[in-house]
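In what follows, a single structure is set out as structure tokens and then discussed.
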Amino acid sequence: MLAAASGLVGVAAGALAAHGLADSLAREWVRTASNYQLLHAVACLACAALPARAGYAAALFLGGTVLFCGSLYGMALGGPVWLGAVTPVGGLLFMAGWAVLIWAAAFDRQEDRPDRA
């Protein structure tokens, strides 16, 4: 449900960037945030189809969406520029989510090995 909601917001933000913002910097912030949000919404959907450990990655992806995308959306819509300091934290959460997904896949693969008792 959260992944689908994130996808919806990402598409709406993309439309805002394409049709509703005159300022080129704000438009670029929203376009970047929208792209990252849509990509990670799909990643969250994929995590739902994977073993339970992938849920940790999905949580990190959603946290990254709130911080990374949210800070860019906030600045684009006139929020304080200090929100830009939050953006890299969201990026780190995205990277941590991908690292956890690697870990989850490797852990599950080890459990599936036929030589394990």
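Among the residues making up the range 5-35, a single one is of a type in the set (Lys, Arg) and closer than 20 Å to Pro88 by Cβ: Arg31.
Counting residues in the range 27-38 that are touching a residue at least 40 places away in the same chain (Cβ under 8 Å), among the charged types (D, E, K, R) and outside any helix (DSSP H, G or I) gives zero. Taken over the range 47-60, the criterion of being surrounded by fewer than 15 Cβ atoms within 10 Å (Cβ to Cβ) and under 13 Å from Ala4 (Cβ atoms) is satisfied by Ala48 alone. Out of all the residues in the range 61-80, which are crowded, with 23+ Cβ neighbours inside 10 Å and among the hydrophobic types (A, V, I, L, M, F, W, C)? Phe61, Phe68, Cys69, Leu72, Ala76, listed by residue number.
If you check Ala48 against the conditions, is it in contact with a helix residue (DSSP H, G or I) (Cβ under 9 Å, 6 or more places away or on another chain) and modelled with pLDDT of 95 or more? For Ala48, the condition - in contact with a helix residue (DSSP H, G or I) (Cβ under 9 Å, 6 or more places away or on another chain) and modelled with pLDDT of 95 or more - is not met. Against the definition (surrounded by 15 or more Cβ atoms within 10 Å (Cβ to Cβ), out of contact with any Leu (no Cβ under 7 Å at 6 or more places or on another chain), modelled with pLDDT of 90 or more and among the hydroxyl-bearing types (Ser, Thr, Tyr)), how does Thr87 come out, yes or no? Against the criterion (surrounded by 15 or more Cβ atoms within 10 Å (Cβ to Cβ), out of contact with any Leu (no Cβ under 7 Å at 6 or more places or on another chain), modelled with pLDDT of 90 or more and among the hydroxyl-bearing types (Ser, Thr, Tyr)), Thr87 does not qualify.
Checked against (1) small (Gly, Ala, Ser); (2) in a helix (DSSP H, G or I); (3) more than 13 Å from the chain's Cα centre (by Cα); (4) over 17 Å from Val11 (Cα atoms), Gly74 passes all but a single condition, namely (4).
The values are calculated or read from the model by the stated rules, or taken from the named source; none is laboratory data. A quick note: this is a predicted structure, and the numbers were derived from the prediction, not measured. Glycine gets a Cβ as well: all are built from the backbone with ideal geometry, and neighbour counts include every protein chain shown.
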